[in-house]
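Just below is one structure, and these are the notes that go with it.
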Amino acid sequence: MTSDTTSDTSTSEPGRGERYAPRSIEVAWQARWERDDLYRTPDHVEGRPNRYHLTMFPYPSGDLHVGHWFAMAPSDTLARYFRMRGHNVMFPMGFDAFGLPAENAALKGGLHPADWTRGNIERMRGQLKSMGATFDWSREVNTSAPEYYKWTQWWFTQLFKQGLAYRKNALANWCPSCNTTLANEQVVDGRCERCDTLVEQRAMEQWFFAITKYAEELLHNEDLDWPEHVKTMQRNWIGRSEGAEAAFALESPTAEGVDEIRVFTTRPDTLHGVTFMVLAPEHPLVTQITTSDHLDAVRAYQERASHATEIERLSTEREKTGAFTGAYCVNHLTGDRVQIWVADYVLASYGTGAVMAVPAHDQRDFDFAKKYGLPIKVVIAPPAIDGKPWDGSDFAEAWTAEGTLVASKQFDGMPNVGAKKAVANYMAEHGWGGSTINYRLRDWLISRQRYWGAPIPIVYCDDCGPVTVPEEQLPVELPYDVEFVPTGQSPLALSEEFVHTTCPQCGKPARRETDTMDTFMCSSWYYMRYPDPQDAEAAFSRASADTWLPVDQYTGGSEHATMHLLYARFFYKVARDLGLVPGDEPFTRYFSQGQILGPDGRRMSKSRGNVVAPDDQVEKWGADTFRAYLMFLGPWDQGGPYDVDSIVGVSRWLNRVWNVVTDPPALVDDAARGKALRRSSHATLQKVTEDLEAKRFNTAIAAMMELTNDMQRLRDEGTADEAAWTEAVRLLTLMLAPPCPHIAEELWSRASGTYSVHQQSWPDYDPAAIVRDTVDLVVQVNGKVRDRIEVATDADEAAARATAEGTPRIAEQLAGKDLVRVIYVPGRLLNFVVR
RNA sequence: GCCGAAGUGGCGGAAUGGCAGACGCGGUCGACUCAAAAUCGAUUGAGGCAACUCAUGUGGGUUCGAGUCCCACCUUCGGUACCA
């Protein structure tokens with residue numbers, strides 16, 4: 001094996017008939033690259049601009065999955081391509097190591113989450129290395145290591161100091177039998193996945209980040225070089241809507257002194273048509289205003305609503321339900337006294353948790369009013385039809401389109417669109433509300449009642465309140481010896497040693513916060529750590545941020561389009577406001593790859609028995625074949641089924657490449673065939689270059705296959721032009737280097753005797769080599785293909801027409817017809833439109 | 001439900017509004033072989049002797065020309081705030 005030689009003189013004679021043996025080549029070259037530290041990325045290399053490529057780091061679930069390869073192999077190909085284009089590319093890797101599965105494993109298998117996670121990381125690091133990727137392992141991060149989560153905790157303290165962290169009551173899924181909170185994933189059909197008990201919603205004090213303070217800035221993503229659909233999803237997720245807040249007076253103020261209900265509406269123009277109010281079942285006012293004769297019904301309704309998921313509650317197809325509270329409020333504009341209901345289609349987390357109902361002009365309200373016999377008051381008259389104005393008759397459904405205000409006092413006769421502002425202004429003048437903007441985006445709940453996460457660095461002191469742990473006392477370390485049996489509290493609450501501490505401000509005895517942080521926090525800043533992974537003094541230095549940030553190319557699963565990517569953008573903006581990073585956005589370019597499916601076209605899972613193990617594929621076919629097949633099977637942004645039978649096609653291709661290069665035809669001087677080969681190799685280079693830039697790996701591989709087939713044909717013919725052949729071999733090897741790094745290195749080494757192909761420059765194609773003298777032109781009559789003709793590449797319309805009309809088939813088609821039009825697209829087609 | 005994406009041969013897929021099916025899998029036939037595997041070659045959307053016709057989820061539309069653009073719908077996939 002050439003990789004074992006230490007010199008650059010590995011000019012072993014190409015062994016005729018020597019078979020392509022991928023595994024031995026791959027293992028040897030990987031060892032050589034590692035020994036030579038080929039992929040360690042220095043912060044600066046003379047003459048090479050820095051470029052930061054990043055693929056989302058994996059959760060260490062146990063074994064590397066085909067999905068990981070599908071995400072990382074093309075990313076690595078891109079990183080390698082840009083290295084050949086002259087960049088100093090950093091392509092780091094790490095592990096998103098906190099999370100629920102480790103705790104599940106602990107409960108099931110009795111292994112400690114820390115040990116389970118450590119073992120998985122070690123196994124997966126080895127599996128990742130078998131990909132032959134350019135990961136710089138000297139920069140590896142592990143979010144569950146105290147050296148890392150110390151700084152995740154530091155982030156919390158920074159957000160706290162910026163006034164972006166606050167505590168408030170929030171609901172969590174609660175299993176009364178297991179005595180524990182449940183993740184949404186652990187709730188199946190409203191029941192606990194472990195014990196099948198009906199899940200409840202339980203309120204508890206939890207920490208939030210005020211991401212909504214950045215809503216407006218996060219909305220502005222138009223300059224990002226991201227897929228449009230991802231930017232659209234983010235904008236819709238943030239969900240800005242313009243409207244008004246409106247206060248309604250409670251007929252009887254509550255014992256606590258609350259005398260109004262505030263609602264958000266996008267339709268202030270319909271305020272005069274309010275005929276009832278609806279509160280979310282969880283709205284704090286509900287228990288205060290409900291009259292004694294309605295209490296039982298409302299309580300029963302709240303209980304029922306607590307079992308419904310948000311998706312169910314928001315479904316517009318589901319029949320609306322609700323309960324009357326017995327209380328009334330008064331519409332300031334009209335003096336109308338209206339009933340106050342509770343209904344689960346109103347969510348406590350959106351707007352103010354209360355809505356005004358205008359059944360005449362909102363379909364949900366209309367259905368609700370019909371069902372419960374509530375009044376319907378028309379305040380927007382539909383436009384006249386055929387000169388006949390609306391006759392005042394009842395609606396069969398809500399009128400949600402434009403119209404003119406009626407029954408709205410001084411606003412009568414106004415077009416409703418203009419009335420929005422007018423009514424809102426009138427409300428503002430009287431102190432009843434006014435124009436406002438509402439976002440669908442909610443503040444980020446980061447508290448988790450779990451063990452395997454970074455502890456929230458807060459101490460509760462009777463005198464000082466919640467106090468952040470000072471930086472010099474970080475990290476607040478996770479105690480190892482903890483009881484995992486669910487007790488109704490976070491496992492950390494059971495550790496006396498952990499809980500009892502002293503207040504960092506006054507020194508008195510105090511208690512630690514026992515919740516841990518959402519793992520999305522760890523992944524919101526990991527890309528800032530790679531530039532400075534060993535820093536013990538800071539999360540990262542400003543200098544390292546200026547050297548590497550923002551990330552030039554981020555790639556990851558489309559499932560992260562909203563949450564992770566929005567949280568990461570939020571953190572970056574906070575970091576900017578703290579003066580820590582350059583620019584406003586963390587990821588200049590982003591590409592979302594699709595999902596790889598099982599051979600049956602469904603998501604791979606153990607229970608379906610359709611999991612393909614990457615280690616087996618590497619063992620059977622080799623890493624290069626496996627990498628290339630993942631790139632070949634379809635467009636990267638779409639994913640698709642992994643077909644265990646089709647990979648053989650890619651294996652055959654690399655074998656053909658091997659045979660063609662190591663056992664060439666007799667090389668002669670043959671200018672004519674040399675020109676054709678040269679056209680083929682340079683056209684391929686152009687295609688592959690364009691495809692790699694656009695991340696179209698499937699068609700890039702297909703183009704290389706076509707070039708290989710051309711070379712195979714010459715090999716079968718027995719001779720090839722020496723200069724063109726040598727050049728074709730060189731170009732093919734260089735083009736193979738990004739997607740198939742091992743075979744490229746081996747063939748390069750054999751052909752040139754030098755090392756390494758991965759330190760070569762990407763070649764430029766010669767446009768002159770690609771030009772043809774003649775082109776095939778399609779000839780259509782009335783848009784249907786009737787013939788094909790060969791014309792000079794630069795033929796004008798008259799010349800093309802003359803040739804076409806001279807062919808018997810076209811002459812026959814045109815005979816006796818009136819020529820209406822001729823359309824000529826040079827190099828493509830000629831279309832005769834006849835009658 | 002809402003937001004986003006995708007539907008093309010037996011299968012994965014290709015196609016700046018311009019020859020639908022590149023490339024590959026599978027199939028069929030052939031070469032090599034005692035035989036098989038591997039490899040190589042030919043062929044392969046459907047119908048038709050052919051001219052030609054039909055064909056890109058469904059139904060409409062725009063255009064000389066539509067897989068591609070527009071409208072309506074159907075199906076599948078991703079996300080839906082505690083899976084990561």
> So which residues in the stretch A:275-311 are among the hydrophobic types (A, V, I, L, M, F, W, C) and outside any helix (DSSP H, G or I)?
Replying inline: A:Phe276, A:Met277, A:Val278, A:Leu279, A:Ala280, A:Ala308
> Which helices (runs of 4 or more DSSP H) does the stretch A:606-719 wholly contain that include 2 or more residues that are farther than 20 Å from A:Ala769 by Cβ and away from RNA strand B (no atom under 11 Å from the Cβ)?
Replying inline: A:614-621, A:623-632, A:647-662
>> Take A:His307 and tell me if it is within 31 Å of the chain's Cα centre (by Cα), more than 16 Å from RNA strand B (Cβ to nearest atom) and over 30 Å from A:Ala360 (Cα atoms).
In response: no
>> Pull out all pairs, ordered by first then second residue, where Cβ-Cβ is under 8 Å, the residues are six or more apart or on different chains, the first lies in the stretch A:234-251 and is among the aromatic types (Phe, Trp, Tyr), and the second is assigned to a strand (DSSP E or B) and within 12 Å of RNA strand B (Cβ to nearest atom).
In response: none
>> Need pairs with beta-carbon distance below 8 Å; first residue farther than 19 Å from A:Gly99 by Cβ and of a type in the set (A, V, I, L, M, F, W, C) and within the stretch A:439-457, second open to solvent by 30 Å² or more (accessible area, probe 1.4 Å) and more than 8 Å from RNA strand B (Cβ to nearest atom); sequence gap 6+ or separate chains.
In response: A:Leu441/A:Thr212
>> Considering only residues that are open to solvent by 20 Å² or more (accessible area, probe 1.4 Å) and more than 29 Å from A:Phe411 (Cβ to Cβ), which ones fall in the stretch A:225-252?
In response: A:Asp225, A:Pro227, A:Glu228, A:His229, A:Thr232, A:Met233, A:Arg235, A:Asn236, A:Trp237, A:Ser252
> For the stretch A:750-783, what are the residues that are of a type outside the set (A, V, I, L, M, F, W, C), open to solvent by less than 70 Å² (accessible area, probe 1.4 Å) and outside any loop (DSSP other than H, G, I, E, B)?
Replying inline: A:Arg750, A:Ser752, A:His758, A:Thr774, A:Gln780
> Within the stretch A:730-741, is even one residue at pLDDT 95 or above, more than 16 Å from RNA strand B (Cβ to nearest atom) and open to solvent by 30 Å² or more (accessible area, probe 1.4 Å)?
Replying inline: yes
>> Against the definition (within 13 Å of RNA strand B (Cβ to nearest atom) and under 16 Å from the mean Cα position of the chain (by Cα)), how does A:Glu193 come out, yes or no?
In response: no
> Filtering the stretch A:509-565 down to residues that are charged (D, E, K, R) and more than 16 Å from RNA strand B (Cβ to nearest atom), which residue is most open to solvent (accessible area, probe 1.4 Å)?
Replying inline: A:Glu537
> From the list A:Tyr527, A:Tyr554, which residue is under 18 Å from A:Arg589 (Cβ atoms), assigned to a helix (DSSP H, G or I) and at pLDDT 95 or above?
Replying inline: A:Tyr527
>> Going through A:Val657, A:Val661, A:Val612 one at a time, which residue ends up being open to solvent by less than 40 Å² (accessible area, probe 1.4 Å), in contact (Cβ under 8 Å) with a residue 24 or more places away in the chain and in contact with a Ser or Thr (Cβ under 6 Å, 6 or more places away or on another chain)?
In response: A:Val657
> Is the stretch A:678-686 home to any residue that is of a type outside the set (A, V, I, L, M), open to solvent by less than 20 Å² (accessible area, probe 1.4 Å) and over 21 Å from A:Val650 (Cα atoms)?
Replying inline: yes
> Where residues in the stretch A:566-579 are open to solvent by less than 20 Å² (accessible area, probe 1.4 Å) and of a type in the set (D, E, K, R), which of them is nearest to RNA strand B (Cβ to nearest atom)?
Replying inline: A:Arg569
> Just to be sure, is A:Leu747 in a strand (DSSP E or B) and either within 9 Å of RNA strand B (Cβ to nearest atom) or at pLDDT 90 or above (or both)?
Replying inline: no
> Of (1) under 28 Å from A:Ser241 (Cβ atoms); (2) out of contact with any helix residue (DSSP H, G or I) (no Cβ under 8 Å at 6 or more places or on another chain); (3) within 11 Å of RNA strand B (Cβ to nearest atom), A:His220 satisfies all except one. Which?
Replying inline: (3)
> Name the pairs whose Cβ atoms lie under 8 Å apart, with the first residue in the stretch A:822-835 and more than 15 Å from A:Val791 (Cβ to Cβ) and in contact (Cβ under 8 Å) with a residue 60 or more places away in the chain, the second small (Gly, Ala, Ser) and within 6 Å of RNA strand B (Cβ to nearest atom), and 6 or more positions between them or separate chains?
Replying inline: none
> Looking at the stretch A:493-508, which of its residues are in contact (Cβ under 8 Å) with a residue 40 or more places away in the chain, open to solvent by 20 Å² or more (accessible area, probe 1.4 Å) and of a type in the set (A, V, I, L, M, F, W, C)?
Replying inline: A:Cys506
>> Can you say whether A:Ala79 is of a type in the set (A, V, I, L, M) and part of a helix (DSSP H, G or I), as far as the supplied structure shows?
In response: yes
>> Can you say whether A:Leu714 is hydrophobic (A, V, I, L, M, F, W, C), open to solvent by 10 Å² or more (accessible area, probe 1.4 Å) and touching a Phe, Trp or Tyr at 6+ places or on another chain (Cβ under 9 Å), as far as the supplied structure shows?
In response: yes
>> Being out of contact with any Asp or Glu (no Cβ under 7 Å at 6 or more places or on another chain), within 30 Å of A:Arg85 (Cβ to Cβ), without any contact (Cβ under 8 Å) to a residue 40 or more places away in the chain and not small (Gly, Ala, Ser) is the requirement here; does A:Trp748 meet it?
In response: yes
>> Suppose we keep only residues that are under 15 Å from A:Gly322 (Cβ atoms) and assigned to a helix (DSSP H, G or I) within the stretch A:354-370. Which one would you say is nearest to the chain's Cα centre (by Cα)?
In response: A:Arg364
> How many residues are open to solvent by less than 50 Å² (accessible area, probe 1.4 Å), within 13 Å of RNA strand B (Cβ to nearest atom) and farther than 22 Å from A:Arg835 by Cβ when one looks only at the stretch A:784-824?
Replying inline: 2
> Within the set of pairs 6 or more residues apart or between chains, which connect a residue that is without any contact (Cβ under 8 Å) to a residue 24 or more places away in the chain inside the stretch A:791-804 to a residue that is assigned to a strand (DSSP E or B) and open to solvent by 50 Å² or more (accessible area, probe 1.4 Å) with Cβ atoms less than 7 Å apart?
Replying inline: A:Val791/A:Thr774; A:Ala792/A:Thr774
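The values are calculated or read from the model by the stated rules, or taken from the named source; none is laboratory data. These numbers come from a predicted model, not from an experiment. Note that we place each Cβ from the backbone using ideal geometry, even for glycine, and neighbour counts take in every protein chain shown. Please note that ligands, DNA and RNA were not included when accessible areas were found on the heavy atoms of the full protein model with its side chains. Shrake-Rupley method; radii C 1.70, N 1.55, O 1.52, S 1.80 Å.
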